[in-house]
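The values are calculated or read from the model by the stated rules, or taken from the named source; none is laboratory data. In this text, all values refer to a predicted model and were calculated from it rather than measured experimentally. Cβ: placed from backbone, ideal geometry, glycine included. Neighbour counts: every protein chain shown. These area figures cover heavy atoms from the full protein model, side chains too; ligands, DNA and RNA do not enter into them. Shrake-Rupley method; radii C 1.70, N 1.55, O 1.52, S 1.80 Å.
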Amino acid sequence: MSAHGFSLNGCELGVATAATQIEGGNADTNWHHWAAEPGHIKDGSTPARAADHWNRVAEDTALLQQLGVKHYRMGLEWARVEPERGVFDDSAIEHYRDELTRLRDAGIKPLVTLHHFNNPWWLETAGAFEKRDAIDAFLRYTRRMVESLGDLVDEWITFNEPNVYVVACYVEGTWPPGSRSPRGAQAVAQNLAEAHISAYGLIHELQPFAKVGVAMHLRVFRPASKFNLRDIGAAVVGGFLFQSALHRAMSTGLFVPPLLQPKGVRPGKYYDFQGVNYYSRSMVTGLADGVAKDVAVSDLGWEIYPTGLAIVLGQVSRAYPGPIYITENGIADAQDAFRPRFIYDHLRAVVTSGAPVERYYHWSAIDNWEWADGEGPRFGLVALDYPTQTRTMRESGRFYADISANGAITDAAYDRWVAPCEYLTNADTQ
Ligand code: FCB
């Protein structure tokens, strides 16, 4: 008999997806255009296939029920509901109403992401968030969504991983629009923060009891060499530039350089929950961020570092009091060889951290189109065969359903699903 079980202490489970990654179809977004150009996506795939979720909402809602989750984090495809600047498509809005109604009927509470790296093409070609008028466009879209869906949704995420969006799209240039401009990155970060703060106010005006937050990507930054002053400095500066400055501005309205305090923004509290997306740790050398040696890794080579989740939760709960939702945490594991252990280790970190974590949304419900990595990485509790679109519950999905049902990981579940799993290290795979 093992004694590995533990209770989640009331933390409720959900799963997360994003519109562009699962819906399929030819929505006119930045990603559809970017993926059409050769060389941008590792396997040459585009989001037009994805999980064809747009046509399979009923089937996918049934899968969520099988997973036994109380919560579902989903995204809206802005380009579908507002295909031309200022012109809304009622049939697309009706589609989302239908999906949200099904969720409600299934007893699953939605948390809706308004922006998850996805811009309508008309916004992208006008400079997107490099331009201040994107703030007004985002607010108009937000207003329309809250007015049209607000009877079915009262929990919103304005922006998913604004820090990743800034870095991948405007610093590294690996995501659309493929720009490498410090000045552009600064402008985008500034405008996203101001857009969030205004949207926070607007949503509360329309829906006083709404819960609104941002899903921040939070990593642990460590110097690759503990004794190298350049690495130590780079880890501190990298952490600040990559996440802390923007996180603070969006949460508290306090803008510090390189961001600038906007005239109309007062310091305050601009979140009802802290949304944390946690995946890994960065070992920093100069400007490059790397992976430690001889550590457990995912199929994508990302370090599996559950302690980092406890560290991040400690930092967030000290800096930004209030409830925390882990809005994403998951792993690329095509063989489903160690996902149960990953879930176990991370939930354990949540519980032992003592932080006020009310929700944990696993990324992802189903395998999906992983941005520049295409269809390769497998993050789903449910496996997807892309050509036939067949969905198959993975063992880790059954494990997750068991945890949902018990509000705990029981000893029996540990023995059945976790004990047989072993991580691979990056020493094994070299
Ligand atoms: C996060 C993204 C999400 C997904 C996971 C693996 O950074 O928010 O869309 O791609 O990584």
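With respect to the conditions (1) open to solvent by 60 Å² or more (accessible area, probe 1.4 Å); (2) more than 16 Å from the ligand (Cβ to nearest atom); (3) closer than 29 Å to S179 by Cβ; (4) modelled with pLDDT of 95 or more, D43 falls short on a single one, namely (2).
Any idea which of P321, P356, P306 is free of Cβ contacts under 8 Å to residues at least 40 places away in the same chain, in contact with a helix residue (DSSP H, G or I) (Cβ under 8 Å, 6 or more places away or on another chain) and not aromatic (F, W, Y)? None of the others qualify; the one that does is P356. Kindly indicate whether A210 is closer than 17 Å to I324 by Cα, within 16 Å of the ligand (Cβ to nearest atom) and among the small types (G, A, S). In short, no. Of the candidates G253, G308, the single residue that is of a type in the set (G, A, S), under 23 Å from A185 (Cα atoms) and surrounded by 16 or more Cβ atoms within 10 Å (Cβ to Cβ) is G253.
Within region 189-214, residues that are touching a residue at least 40 places away in the same chain (Cβ under 8 Å) have Cβ atoms under 7 Å from residues that are of a type in the set (S, T, N, Q) and part of a helix (DSSP H, G or I) in these pairs: A199/T142; L202/T142; I203/T142, counting only partners at least 6 apart in sequence or on another chain. Considering only residues in region 363-396 that are under 25 Å from F117 (Cα atoms) and hydroxyl-bearing (S, T, Y), the one that is farthest from the ligand (Cβ to nearest atom) turns out to be Y386.
For region 96-114, the criterion of a residue being at positive phi and not hydroxyl-bearing (S, T, Y) is satisfied by at least one position. Note on region 89-111: residues that are within 17 Å of T142 (Cβ to Cβ), without any contact (Cβ under 8 Å) to a residue 60 or more places away in the chain and buried (at least 17 other Cβ atoms within 10 Å of the Cβ) amount to 5. Annotation: of all residues in region 315-327 being open to solvent by less than 10 Å² (accessible area, probe 1.4 Å) and outside any helix (DSSP H, G or I), the one that is farthest from H116 (Cα to Cα) is I324.
For region 263-310, the set of residues classified as of a type in the set (G, A, S), away from the ligand (no atom under 16 Å from the Cβ) and over 30 Å from R230 (Cα atoms) consists of G264, G268, listed by residue number. When S298 is tested against (1) in contact with a Ser or Thr (Cβ under 9 Å, 6 or more places away or on another chain); (2) open to solvent by 60 Å² or more (accessible area, probe 1.4 Å); (3) farther than 18 Å from M216 by Cβ, just one condition goes unmet, and that condition is (2). Would you mind telling me which numbered condition in (1) crowded, with 17+ Cβ neighbours inside 10 Å; (2) under 21 Å from V171 (Cα atoms) A126 fails? Looking at each condition in turn, A126 falls short on (1). Checking each residue in region 367-408 for being closer than 16 Å to D52 by Cα, open to solvent by less than 40 Å² (accessible area, probe 1.4 Å) and over 17 Å from the mean Cα position of the chain (by Cα) picks out E375, V382, A383, L384, Y386, Q389, R391. In region 169-180, the residues that are among the hydroxyl-bearing types (S, T, Y) form Cβ pairs under 7 Å with partners that are open to solvent by less than 20 Å² (accessible area, probe 1.4 Å), at six or more places apart or across chains, as follows: Y170/G184; Y170/A185; Y170/V188; T174/A168; S179/C169; S179/Y170; S179/G173. Screening region 37-122 for helices (runs of 4 or more DSSP H) wholly inside it with 1 or more residues that are out of contact with any Phe, Trp or Tyr (no Cβ under 6 Å at 6 or more places or on another chain) and of a type in the set (S, T, Y) returns the ranges 57-67, 90-105.
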